[in-house]
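Written below as structure tokens is the structure these notes are about.
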Amino acid sequence: MKTININFNFMKWHKQAIYISSILLVISFISIFVRGINYGIDFNGGTIIELGFESKAPIEEIRDHLKTNNFKQSSVQYFGSKKDILIRMPNIVSENEATLSNTLVEDLNKKYSFSLKRVEYVGAQVGDELRDQGILAALIALFLIMIYIALRFEYRFSVGAILALLHDIFLIIGIFSITQIEFNLSVFAALLAVIGYSLNDTIVVFDRIRENFKASIIENVNTETVTNDSINQTLSRTLITSLTTLLVLFSLILFGGEVLFGFSFALIIGVIIGTYSSIYIASSTLLLMNISVKDVTIEVDEDRP
């Protein structure tokens, strides 16, 4: 069987890639601080009401009804089809806050014929707790990942892995801030999944770099060459994994409906950015920190009895 040798010079562009990533991160931070994140009901608190009509929903009439009945901050949109609508009501500080959805449904039921599909209510305090606990969980995960990689490889590998993960996280959040797509619990779950996916891809590359460093101890091979060879050797595995994952995610985003859109969108972006960061952020960090064959092989030899 014929073997195809892949030999792209990825590291030739590693400095340019870092400049591009830095610019994208700056844009993301500016958007996050200026535009903010469009938090969903899960984090902001409030009520979601889904209504189903037999024919096209009178969405403009319902919007006018909300404006004239002190629900001005509420939003109405089609959900999946022209027959279904989703009403989002933000938290309103009042004694009957939890019963506002019942009042609204009763008022609408007097004018229109529809079926009530679901009502979800999240208090403001619960939303704040979910957001804070989610951020804490992500920070703990990053800390434990850094310790694991430092113990398994060398501390500079852990720095590269964490920088790649932070790069992925902030770019995804920045894209959600720019597009103002709703950021809810399912999107946060996708973000954690991206951390695992990107880390796994990075560790595969790092493991090959370490093995090639060990094999090059008696040869006069520079770090850039070893890193580039390692990326090329793992490239087929990376592309196959990424493409098969993307096929599933594109199916979800096309046929999964509005409920799975944010989740699927975040994972698609995460897979693409995670593959890129494993090559150009994690590996480039090793070059910038001047890691050498001697550093890695000494670290490995010290672990041997």
Legend entry - Unmet requirement for residue 11, which otherwise passes all of (1) touching a Ser or Thr at 6+ places or on another chain (Cβ under 6 Å); (2) within 30 Å of residue 85 (Cα to Cα): (2)
Inset, instruction - Could you tell me which residue of the stretch 225-265 is surrounded by the fewest Cβ atoms within 10 Å (Cβ to Cβ), considering only residues that are β-branched (Val, Ile, Thr) and closer than 21 Å to residue 179 by Cβ? - result: 259
Inset, instruction - Go through the stretch 18-61 and give me each residue that's more than 30 Å from residue 113 (Cβ to Cβ), in contact (Cβ under 8 Å) with a residue 40 or more places away in the chain and in a helix (DSSP H, G or I). - result: 18, 21, 24, 25, 27, 28, 29, 31, 32, 42, 43, 44
Inset, instruction - Tell me, please, whether a residue that is more than 26 Å from residue 148 (Cα to Cα), over 26 Å from the mean Cα position of the chain (by Cα) and in contact (Cβ under 8 Å) with a residue 60 or more places away in the chain can be found in the stretch 211-222. - result: yes
Legend entry - Among (1) part of a helix (DSSP H, G or I); (2) out of contact with any Phe, Trp or Tyr (no Cβ under 6 Å at 6 or more places or on another chain), the one test that residue 121 misses: (1)
Legend entry - When residues of the stretch 164-186 are limited to those that are touching a Phe, Trp or Tyr at 6+ places or on another chain (Cβ under 6 Å) and either of a type in the set (Lys, Arg) or buried (at least 22 other Cβ atoms within 10 Å of the Cβ) (or both), the one farthest from residue 38 (Cα to Cα): 176
Inset, instruction - Return the pairs, sorted by first residue and then second, in which the second residue is surrounded by fewer than 21 Cβ atoms within 10 Å (Cβ to Cβ) and not in a helix (DSSP H, G or I), the first residue lies in the stretch 151-178 and is of a type in the set (Ser, Thr, Tyr), the beta carbons are less than 6 Å apart, and the residues are 6+ apart or on different chains. - result: 177/35; 177/37
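Only the coordinates and a few stated rules stand behind these numbers; no lab work does. A quick note: this is a predicted structure, and the numbers were derived from the prediction, not measured. Neighbour counts run over all protein chains shown; Cβ positions are idealised from the backbone, glycine included.
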